[in-house]
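Participant: Can you keep this structure in mind? I'll have questions shortly.
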Amino acid sequence: MTEAPTKQTRFTSFDGTVSLSTTHQRPDRLSHLEAPGSTTCRIARGGGYSYSASSFGENSLVQDMTRFNRFIDFNPDTLTLKLEVGVRLIELMQWALPRQLHFPVLPGYHLITVGGCVAADVHGKNPYKDGTFSDWVKQLTVFHPQQGYLTCSRHENAELFAMTCGGYGLTGVITDVTLQLAPLPAPAIGLSQKRVNSLEYAQRELSACDADIAYSWHDATPGSSFGRGIVYIGHWANAAARGRQMRYHPMTANSRASLPISVWNRATAKAANTAILLHSQYGKDVTEKSILDASFPFASNPYFHMLFGKSGLRETQFLVADDKIGECLESLKQLICDTGAPTMMLSLKRFKGTQKSLSMSGTGYLVALDCYRNNLTDVFMKNLDKLMLDMGGQPNLSKDSRISQDIAQLSVTNFGRFKQYLFDYDGKRTMRSELSNRLGLL
Amino acid sequence: MTYIIIGGSSGLGRALAERFSAAGYDLVLVSRDQRDTSRLATHLAIKYGIKVSSVEMDLSCAPLSFDAIDALLLEHTALKGLLIPAGINDEADSIGLSEDKLEYLTRVNYIAPCQLVNHYLPLLEKNSGVIVGFGSVATARGRTRNAAYAAAKGALKSYFESLAHYAESHDLSCQYYVLGYLDTNLAFAQKLLFPLASPETVANVVYKKQFTTGRYFLPRLWYILYRTIQILPWAIFKRLSF
């Protein structure tokens with residue numbers, strides 16, 4: 001059995017706030033996965049786009065899975081596709097679209113791997129309608145150093161399946177995934193933009209629509225402009241997409257942080273948000289976009305993230321139940337405007353998730369907030385944690401690199417159950433990352 | 001038309017498999033690990049709609065049996081090419097290497113590729129075929145490290161020169177690539193002075209030059225480095241440690 005070569009590599013979370021050096025290997029055959037000793041602590045890594053450090057950790061061997069990117073089986077009758085975890089979303093879609101097939105749950109960046117999507121149980125542009133990624137996963141194969149290869153689905157090893165979807169790689173290295181594809185409804189997406197003056201108005205708009213794509217974007221800088229924004233509503237369209245296919249810019253955690261300083265502060269954030277709002281005012285009511293352009297908005301526009309520079313950004317996402325969202329948005333506005341928080345933009349999505357692992361589960365509204373970093377950021381984030389707990393919210397652990405064990409225990413619905421399962425399943429706790437260490441899953 | 005790719009499950013072999021299948025050729029993939037090769041075969045069949053078969057073969061075995069490949073070729077379109085990106089080196093490879101390791105490195109890097117060429121030569125000649133071999137810049141000049149590997153690849157280079165000579169008077173194309181650093185697992189953990197070439201870039205060049213006969217350096221920069229190492233005065237060369 002040959003072992004893949006290893007080297008020391010410094011990894012950085014995509015938000016730029018966690019960075020450490022650890023052993024790294026890039027297996028390209030199954031025997032490489034099996035070769036390290038069964039007690040060697042390790043964690044799998046996909047594209048490296050998690051905001052929190054879930055794919056690396058101190059004294060944990062990082063196994064880069066991007067070379068495992070083969071399509072293993074396709075059943076045209078059931079439209080199920082079995083593939084390896086290193087397949088990137090753009091590769092999946094470039095294969096599926098010419099065959100008149102579609103995958104409904106696509107996060108905003110095209111180079112994220114399928115394995116990363118399962119591990120974080122990501123969501124797409126309308127989680128209320130399409131659910132989360134795991135809702136479209138039929139079967140998984142997980143390699144655990146002490147237990148070997150385990151196949152799991154909703155019918156076979158159901159508990160392992162539930163814990164692996166949204167389990168951040170802590171149940172083992174996912175080697176392959178069987179996805180349920182859907183017939184492609186139409187060749188393009190008609191995307192409309194509706195300007196709104198408040199978060200509450202946007203939330204009402206989102207609650208009333210049954211579109212294929214539905215989310216909102218808002219100016220989150222403190223002041224009178226807070227909450228102004230755009231509600232994006234998309235429907236499948238039989239028209240051809242207008243304009244050229246956008247050019248995609250590959251971005252990594254390192255290239256994102258290439259600027260030595262952050263461009264964003266209250267003035268620049270306000271100016272950029274005003275420009276976006278003005279631009280939307282003169283745009284067309286409905287724009288026909290290609291499915292790739294509508295699905296991967298950050299692929300053609302890396303500048304928002306890059307301008308946060310080396311110091312990085314703080315993002316947080318949390319889910320609030322329907323009956324609490326009004327109060328939550330009001331409190332959030334007050335917190336931001338009263339404290340002059342370093343917030344930049346905010347986004348809302350209606351959400352439905354059913355997982356039992358560390359991922360968000362339940363129905364409600366997803367609130368996403370991006371902050372630039374200054375001396376107020378950490379205090380604001382602590383106050384935000386308190387607000388989230390008061391509202392019974394659940395955090396998205398892949399988007400927030402500082403959620404502590406205490407906060408997770410109080411807010412992640414299935415935290416206790418997940419922890420118990422993990423210790424029963426793998427007493428030696430072989431799979432480890434900075435995230436698992438931070439959450440006390442040692 | 002069908003191409004046989006020896007060592008086709010990862011690295012350059014995989015990149016060649018992707019490139020030739022994207023062009024619509026059928027493939028027979030040969031490698032040591034059937035699990036990975038059969039996965040790649042299925043992947044290429046799903047992605048490009050071509051016929052791909054996989055065979056397990058260990059080039060270090062003696063005698064080498066071609067029965068499994070021959071049987072598969074009966075089910076395939078006519079054989080057009082044989083690509084041999086296979087090769088292996090050993091961290092312990094130095095002067096004084098043990099007999100079994102010496103034999104292993106010689107078999108995998110020299111004897112087996114020659115046997116493959118000889119076995120499929122008649123069939124390839126009949127189909128105006130293509131034979132592609134791959135060597136290494138380690139053959140520029142013998143040094144303490146990689147002694148057996150470089151000697152075996154040097155012998156293979158000589159064999160391919162003979163083959164190129166033969167090809168000129170027969171209906172055959174033959175290329176031999178001298179490869180510098182490639183972005184594969186072999187180079188992954190090494191601190192290297194010169195940039196890595198991606199296997200995909202090399203595969204693209206191989207695809208474009210397949211109907212020529214000659215020796216090529218990839219990346220091209222290595223031609224200059226290779227020649228420079230060869231003409232370095234001994235007084236300097238003996239002091240180098242690389």
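Derivation of every value follows stated rules applied to the coordinates shown; laboratory data play no part. Owing to the predicted nature of the structure, the values given are computational and were not obtained by experimental measurement. Glycine also receives a Cβ, built like all others from the backbone with ideal geometry; neighbour counts cover every protein chain displayed.
Participant: Taking every residue in A:79-91, how many Cβ atoms of other protein chains lie within 10 Å of its Cβ, on average? Write out the running numbers ahead of the final one.
Facilitator: On the way: counts 0, 0, 1, 2, 2, 2, 0, 0, 1, 0, 0, 0, 1.
If you average over the peptide's residues, the count of other-chain Cβ atoms is 1.
Participant: May I ask for the angle, rounded to the nearest 10°, between helix B:11-22 and the longest principal axis of chain B, with both axes built from Cα atoms and the value confined to 0 to 90°?
Facilitator: So the inclination is approximately 30 degrees.
Participant: Under a Cβ-Cβ cut-off of 13 Å, what is the net charge of the residues other than A:Met381 that fall near it, where Lys and Arg count +1 and Asp and Glu count -1?
Facilitator: Numbers: positive: A:Arg314, A:Arg373, A:Lys382, A:Lys386, A:Lys399, A:Arg402; negative: A:Asp15, A:Glu315, A:Asp370, A:Asp378, A:Asp385, A:Asp400.
Counting the neighbours of A:Met381, the net charge comes to 0.
Participant: If packing is taken as the average number of other Cβ atoms within 10 Å across a peptide's residues, how do A:124-135, A:418-429 rank, most packed first? Can you show the working numbers first?
Facilitator: Details: A:124-135: 22.8, A:418-429: 15.7.
The packing order, highest mean first, is A:124-135, A:418-429.
Participant: Based on the Kirkwood radius over alpha-carbon pairs, what is the Stokes-Einstein translational diffusion coefficient of the protein assembly as shown at 37 °C with 0.692 mPa s viscosity, in µm²/s?
Facilitator: For the chosen part, D equals 120 µm²/s.
Participant: Write down the percent of antiparallel bridges among all DSSP beta bridges whose residues are both part of the protein assembly as shown, to the nearest 5.
Facilitator: Numbers: 77 of 115 bridges.
Here the share of antiparallel DSSP bridges comes out near 65 percent.
Participant: Once you average over the residues of B:2-13, how many Cβ atoms of partner chains fall within 10 Å of each Cβ? Before the final figure, lay out each step's value.
Facilitator: Details: counts 0, 0, 0, 0, 0, 0, 0, 3, 5, 3, 0, 0.
Mean partner shielding for this stretch: 1.
Participant: Once you place label points 7 Å from the Cα toward the Cβ at B:Thr212 and B:Trp234, how far apart are they in nm?
Facilitator: Label at B:Thr212, label at B:Trp234, 3.6 nm between them.
Participant: Let me ask you something else. When you count, for each residue, the other Cβ atoms within 10 Å and take the mean per peptide, how do B:185-192, B:103-110, A:43-50, B:45-52 rank with the highest first? Don't skip to the end; give the middle numbers.
Facilitator: Numbers: B:185-192: 13.6, B:103-110: 20.9, A:43-50: 26.5, B:45-52: 17.9.
The densest-packed peptide leads the list: A:43-50, B:103-110, B:45-52, B:185-192.
Participant: To continue, here is another question. Using packing as a proxy for protection, rank B:18-26, A:157-165 so that the peptide with the highest average count of other Cβ atoms within 10 Å comes first.
Facilitator: A:157-165, B:18-26
Participant: Which listed residue (B:Pro85, A:Leu79, B:Leu123) has the Cα farthest towards the positive end of the charge dipole for the protein assembly as shown, taking +1 on Lys and Arg C-beta and -1 on Asp and Glu C-beta about the Cα centre?
Facilitator: It is B:Pro85.
Participant: If you don't mind, another one. Per 5 Å bin, what percent of the C-alpha pairs of region A:1-94 does each bin hold, from zero upward?
Facilitator: 3, 13, 20, 21, 17, 13, 8, 4, 2, 0
Participant: So what's the angle, to the nearest 10 degrees on a 0 to 90 scale, between helix A:199-208 and the longest Cα principal axis of chain A?
Facilitator: For helix A:199-208, the angle is close to 70 degrees.
Participant: Given a cut-off of under 8 Å on Cα pairs at least six residues apart, what relative contact order in percent is computed for chain A? Write out the running numbers ahead of the final one.
Facilitator: Working: 1040 pairs, mean separation 80.6, N = 442.
Averaging sequence separation for qualifying contacts and normalising by length gives 18 percent for chain A.
Participant: How charged is the neighbourhood of A:Pro250? Take every other residue with its Cβ under 12 Å from the Cβ of A:Pro250, and add Lys/Arg as +1 and Asp/Glu as -1.
Facilitator: Values: positive: A:Arg88, A:Arg247, A:Arg256; negative: none.
Around A:Pro250, the surrounding residues sum to +3.
Participant: Roughly what would the spin-label model give for A:Leu259 and A:Ala271, points 7 Å off Cα along C-beta, in nm?
Facilitator: 1.1
Participant: At q = 0.20, 0.23, 0.25 Å⁻¹, what is the log10 ratio I(q)/I(0) for region A:132-197, with the Debye formula run over Cα points and no solvent?
Facilitator: Result of the Debye calculation: -0.76, -0.93, -1.06.
Participant: Please report the net charge: other residues with Cβ closer than 15 Å to the Cβ of A:Gly48, K and R +1, D and E -1. Can you show the working numbers first?
Facilitator: Values: positive: A:Arg10, A:Arg26, A:Arg45, A:Arg67, A:Arg88, A:Arg256, A:Lys399; negative: A:Asp15, A:Asp64, A:Glu434.
With Lys, Arg at +1 and Asp, Glu at -1, the neighbours total +4.
Participant: Separate question: When the distances between all Cα atoms of region B:2-237 are binned every 5 Å from zero, what whole-number percent does each bin get?
Facilitator: Per 5 Å bin, starting at zero, the Cα-Cα P(r) for region B:2-237 comes out as 1, 7, 14, 18, 21, 18, 11, 6, 3, 1, 0, 0 percent.
Participant: Please work out the FRET efficiency for the pair A:Glu200 and A:Asn374, using the Cβ-Cβ distance as r and a Förster radius of 25 Å; give the result to the nearest 0.05. Could the numbers behind the result be given before it?
Facilitator: Working: r = 28 Å, r/R0 = 1.12.
Rounded to the nearest 0.05, the efficiency is 0.35.
Participant: If you don't mind, another one. As an exercise, identify the trypsin sites (Lys or Arg not before Pro) in region A:133-211 lying in DSSP coil whose Cβ has no more than 15 other Cβ atoms within 10 Å. List each step's numbers first, then the result.
Facilitator: Values: sites: A:Lys138, A:Arg154, A:Lys194, A:Arg195, A:Arg204; in loops: A:Arg154.
For trypsin sites (Lys or Arg not before Pro) across region A:133-211 that sit outside H, G, I, E and B with at most 15 neighbouring Cβ atoms in 10 Å, the list reads A:Arg154.
Participant: Between their Cα atoms, which of A:Lys399/A:Lys419; A:Lys270/A:Lys382; A:Lys333/A:Lys419; A:Lys82/B:Lys209; A:Lys289/A:Lys399 are more than 32 Å away from each other? Let's see the in-between values first.
Facilitator: Numbers: A:Lys399/A:Lys419 20 Å; A:Lys270/A:Lys382 23 Å; A:Lys333/A:Lys419 34 Å; A:Lys82/B:Lys209 35 Å; A:Lys289/A:Lys399 27 Å.
Checking Cα-Cα distances, A:Lys333/A:Lys419; A:Lys82/B:Lys209 exceed 32 Å.
Participant: Counting only the backbone N, which residues of region B:155-181 are under 15 Å from the spot 7 Å out from the Cα of B:Lys126 toward its beta-carbon?
Facilitator: Once the point is set 7 Å along Cα→Cβ of B:Lys126, B:171 turn out to lie under 15 Å by backbone N, inside region B:155-181.
Participant: In square nanometres and to one decimal, what's the mean projected area of the convex hull around the Cα atoms of region A:24-178?
Facilitator: Result: a mean projected hull area of 9.1 nm².
Participant: Taking θ = phi - 60°, what integer Hz values does the Karplus form 6.51 cos²θ - 1.76 cosθ + 1.60 yield along region A:220-234, in sequence order, with x for Gly and Pro?
Facilitator: 3J(HN,Hα) across region A:220-234, in whole Hz: 10, 6, x, x, 5, 7, 4, x, 4, x, 9, 9, 9, 10, x.
Participant: Specify whether the C-alpha gyration tensor of region A:188-404 places it in the rounded, prolate or oblate class, a ≥ b ≥ c being the square roots of the eigenvalues: rounded for a/c under 1.5, otherwise prolate if a/b is larger than b/c and oblate if not.
Facilitator: Details: a/c = 1.45, a/b = 1.17, b/c = 1.24.
Rounded is the answer for region A:188-404, as its axis ratio a/c remains below 1.5.
Participant: Using a 7 Å offset from the Cα along the Cα-to-Cβ direction at both B:Leu64 and B:Ala189, what is the distance between the two label points in nm, to one decimal?
Facilitator: Here the modelled spin labels are 2.9 nm apart.
Participant: Measure nothing fancy, just the Cα-based angle from helix A:266-282's long axis to the longest principal axis of chain A, in degrees from 0 to 90, nearest 10.
Facilitator: It works out to around 70 degrees.
Participant: Scan around A:Ser311 for amide H atoms under 5 Å from its own, H built in the peptide plane at 1.01 Å from N, and keep only partners 5 or more places away or cross-chain.
Facilitator: Amide H neighbours of A:Ser311, under 5 Å, 5+ apart: A:Ser262.
Participant: Using modelled amide H (1.01 Å from N, peptide plane; none on Pro or chain starts), what sits under 5 Å from the amide H of A:Ser361, excluding residues fewer than 5 places away?
Facilitator: Residues meeting the criterion, in which the H sits 1.01 Å from N, are A:Thr413.
Participant: If each residue of separation counts as 0.36 nm, what is the full-extension length gain between A:Arg10 and A:Gln420 once their alpha-carbon separation is subtracted?
Facilitator: Working: separation 410, 0.36 × 410 = 147.60 nm, distance 3.15 nm.
Full extension from A:Arg10 to A:Gln420 adds 144.5 nm.
Participant: Mark the label point 7 Å from the Cα of A:Gln100 along Cα→Cβ and return the residues of region A:179-204 whose backbone N is within less than 18 Å of it.
Facilitator: A:181-189
Participant: Within 10 Å of each Cβ of A:2-8, how many other protein chain Cβ atoms are there on average?
Facilitator: Numbers: counts 4, 0, 3, 7, 2, 4, 1.
Average neighbour count from other chains, rounded to a whole number: 3.
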